[in-house]
Amino acid sequence: MTVISEREREYEEFLYCITHDLKSFSRAMRVIPDWIAEDLTAAKIALPDGVGEHMDMLKSYAGGMDRMLESLTTLSRVGRLADPCADHALNDLLDAAWASLTPGSARLSVPQHAFRVHGPKNDLSRLFAALLSNGVDHNSDPSPDIGVTAVRDGERVQIRVADNGPGIEAQYRQKVFEPLHTLRPKDETGHAGMGLAIARKVVKSLGGEIHIEEPSAGHGCRVVFDLPGAKTAA
């Protein structure tokens, strides 16, 4: 293990520990306002005007902190707590990731051919959950349409995840892969800004590259990346 990789491991372990401890504080921030309200009700004391709204605001911000810490925990686990590498059907990974979301009226189209990729199942699941969630959550269309295509490129599989949302302007297409980066304030979106950072870390850990491509239709977002192909025949 190199000095750099050792420091990265130490950093990720520290990140995991600190986020684990901070979660207990954010949970307390979420439930203590309810306890206060219950105590005041039991004492037959009415909440002053505006206090209830402020308590709800506190719980909302605590929920945002929870989501951020959970995303940071997920980021710290990529590669460090990975499952053993194995071959997986791409469409099975996509279907499982889609089932873990609440996409509402969103639609998902998957590759027609039976592509298979190689890697840790939990990290691959995190990758596709992050990308599909990103395509749904940041989509202004009332019926989000997510399309996944794939092609074999030597020993690797190149994958595109495209949506019909507003897209990302060229000057932000590198920035959005940084942890905690969002194009709109987090209290407006309700998201931690970690999805693409998690996706990048998974792809990089498997020797690949990831970027946002200029959409052919002039709108939407198209994320392009590559993964190792299956090591054995189906």
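The sole residue among Asp92, Asp56 that is out of contact with any strand residue (DSSP E or B) (no Cβ under 8 Å at 6 or more places or on another chain) and assigned by TED's automatic domain parsing to the domain that holds Glu38 is Asp56.
No other residue among Leu47, Leu40, Leu15, Leu69 is farther than 20 Å from Asn122 by Cα, assigned to a helix (DSSP H, G or I) and not assigned by TED's automatic domain parsing to the domain that holds Val161 apart from Leu40. Checking each residue in the range 151-168 for being aliphatic (A, V, I, L, M) and either outside the structural domain of Gly104 (by TED's automatic domain parsing) or surrounded by 21 or more Cβ atoms within 10 Å (Cβ to Cβ) (or both) picks out Val157, Ile159, Val161, Ala162.
Within the range 83-128, the set of residues being closer than 16 Å to Ile146 by Cβ, small (Gly, Ala, Ser) and under 19 Å from the mean Cα position of the chain (by Cα) comprises Ala96, Ala97, Ala99, Ser100, Gly104, Ala106. Reported count of residues in the range 213-234, each being in contact with a helix residue (DSSP H, G or I) (Cβ under 8 Å, 6 or more places away or on another chain) and at pLDDT below 95, is 2. Every condition in (1) in contact (Cβ under 8 Å) with a residue 24 or more places away in the chain; (2) surrounded by fewer than 18 Cβ atoms within 10 Å (Cβ to Cβ) holds for Asp95 except the one numbered (1). Give just the number: which of (1) hydrophobic (A, V, I, L, M, F, W, C); (2) at pLDDT below 95; (3) more than 23 Å from Arg67 (Cα to Cα) does Phe177 not satisfy? Going through the list (1) hydrophobic (A, V, I, L, M, F, W, C); (2) at pLDDT below 95; (3) more than 23 Å from Arg67 (Cα to Cα), Phe177 breaks only (3). Elements of the type strands (runs of 3 or more DSSP E) sitting completely within the range 80-156 and holding at least 2 residues that are within 22 Å of Ala230 (Cα to Cα) and out of contact with any Leu (no Cβ under 9 Å at 6 or more places or on another chain): these cover 85-89, 145-153. A single member of Glu53, Glu12, Glu8 is closer than 19 Å to Val78 by Cα and without any contact (Cβ under 8 Å) to a residue 24 or more places away in the chain, and it is Glu8. Considering only the range 185-212, state which residues are of a type in the set (D, E, K, R) and either modelled with pLDDT of 90 or more or surrounded by 19 or more Cβ atoms within 10 Å (Cβ to Cβ) (or both). Within the range 185-212, Arg200, Lys201, Lys204, Glu209 qualify. Considering Leu108, Leu90, Leu124, Leu131, the condition of being within 16 Å of His211 (Cα to Cα) and in contact (Cβ under 8 Å) with a residue 40 or more places away in the chain is satisfied by Leu131 alone.
The values are calculated or read from the model by the stated rules, or taken from the named source; none is laboratory data. As the structure is a prediction and not an experimental result, all values here were calculated from the model. Here Cβ is always computed from backbone atoms with ideal geometry, including for glycine, and neighbour counts include all displayed protein chains.
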